[in-house]
Each structure stands twice: as structure tokens, then as C-alpha cells.
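Below you will find the structure I want to go over with you.
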Amino acid sequence: NEGSSIISVNITEVEVPKVQINDKATVTFDAVADKTFTGKVVSVDKIGTTSSGVTSYPTLIQIDTQSLEILPSMTASASIIVDTKNNVLLVPSAAVQAQNGQSTVQVMRNNQVISVSVEIGNSNDTQTEIVSGIDEGDTVVTGQTSATTPGSTGATSPFGNTGGFGGGGGIRIQGR
């Protein structure tokens, strides 16, 4: 990509073993607030530098497209995608309950709420991966709402899938 921009970001010693050359990345610039750029990792410094007891490793990301909006020394933030999975079911992390070492979610079946045992995978602050126990299309109860105050809970995926159910506090599960 002749003429495309290369940015440098610092990653931590915990993150550096996970990052590989050619990993995909999304990049935003403070000065270009309305756009997200895509790129790939082209270099990871394995030596690193230590400042105030924290070691960081400069990592170079090449932006996929050339843009006149990107200027030298602009402040950038990057998210490096180190693991992608297909056909994964995601539910809001708040919907997963742990009881006696077993993870469960509440599911609507035949107009009744039942508790279903699930096997969970990776999770973050907002979403949890469900390995088994529920299927795509199941309605997972994420909270209770009163009959006089209908509410809705929706979920969006960074991959463009959306789901939502009004009034019942549930979402329809979609794979990514």
C-alpha cells in the first residue's frame, strides 16, 4: 500500500504475546472523530521500553487505505483483533448467572421463563460467548420489567447483527 499511513501504538507485556504480524486492527484518530480506519500489524518490537515500572512494546500498524485526513504525529487509538471465531452465540454478560459452579441463562420457552444450563467461553464486560446450551433464535431473558413500564433490551454486535425484544426484557440470540 504505497502512501498508506503507518501508526505506532504501545502495547503492554500482557498483550504482546497475543499479537502477531498481519493481525487486523481498527484505528481511530482524535482529529478525525467520525471515521474508523482498518489496518494490519506490520511490526511488533519484542524488546520494549520501561517507564515508571511499566514495560510497553511499540507496535506498527499500517492503515489499509490512504487518507489525506491522517497527518504525521496525530494521536491515534487502535484495537488489534487477536482472535476471531465464526458461528459464536453472544449474550449480554449480565444475563449469565453462576450457581454452584454452573452457568445458567433464563430462556423463554412456550411462553414461560426457564433456567437453562450453558457452557460459556470467552467474555468481556458486556458480552459472553455461549459454547453450548442454547441455540441461535432462542430468546434470553436479560431482566424483568413491570407490566406498567414496558422496557426493551437490545444487543448489537460489532459485526452488524442486531437483536431486540420490547416489553419482555429479552433479546433474540444471533450468531456472528
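The values are calculated or read from the model by the stated rules, or taken from the named source; none is laboratory data. The shown structure was predicted, so the numbers you read here are calculated from the model rather than taken from an experiment. All Cβ positions, glycine included, derive from the backbone under ideal geometry; neighbour counts span all protein chains shown. Ligands, DNA and RNA are stripped out before the accessible areas are found, and what is left, the full protein with its side chains, is counted by its heavy atoms. Shrake-Rupley method; radii C 1.70, N 1.55, O 1.52, S 1.80 Å.
Computing the accessible area with a 1.4 Å probe over protein heavy atoms, can you report the carbon and sulfur percentage for the range 1-65?
Details: 1970 of 3960 Å².
Answer for the range 1-65 is 50 percent, counting heavy atoms of protein chains only.
Of all trypsin sites (Lys or Arg not before Pro) in the range 1-73, which ones are in loop regions per DSSP and have a Cβ with at most 12 other Cβ atoms within 10 Å?
On the way: sites: 18, 24, 35, 40, 46; in loops: 46.
Of the trypsin sites (Lys or Arg not before Pro), the ones in loops of the range 1-73 whose Cβ has at most 12 other Cβ atoms within 10 Å are 46.
Also, quick follow-up: Which shape class applies to the range 25-128: rounded if a/c is under 1.5, otherwise prolate when a/b exceeds b/c and oblate if not, where a ≥ b ≥ c are the square roots of the Cα gyration tensor eigenvalues?
Values: a/c = 3.18, a/b = 2.06, b/c = 1.55.
Prolate shape, in that a/c is at least 1.5 and a/b is the bigger ratio.
Give me the number: length gained by fully extending residue 115 to residue 82, i.e. 0.36 nm times residue separation minus the C-alpha to C-alpha distance, one decimal in nm.
On the way: separation 33, 0.36 × 33 = 11.88 nm, distance 3.31 nm.
Extra length from residue 115 to residue 82 when fully extended: 8.6 nm.
Just the number please: accessible area per residue for the range 1-81, 1.4 Å probe, all protein chains included, in Å².
Averaged over the residues of the range 1-81, the accessible area is 64 Å².
So how far, in whole Å, is the C-alpha centre of the range 39-75 from the one of the range 116-136?
That distance is 33 Å.
Next question, about the same structure. Quick one: length gained pulling residue 52 to residue 30 fully straight, 0.36 nm per residue minus the C-alpha distance? Working shown, then result.
Details: separation 22, 0.36 × 22 = 7.92 nm, distance 2.56 nm.
Computed gain between residue 52 and residue 30 is 5.4 nm.
Please find the FRET efficiency linking residue 21 to residue 71, where r is the Cβ-Cβ separation and R0 is fixed at 35 Å, and quote it to the nearest 0.05.
0.85
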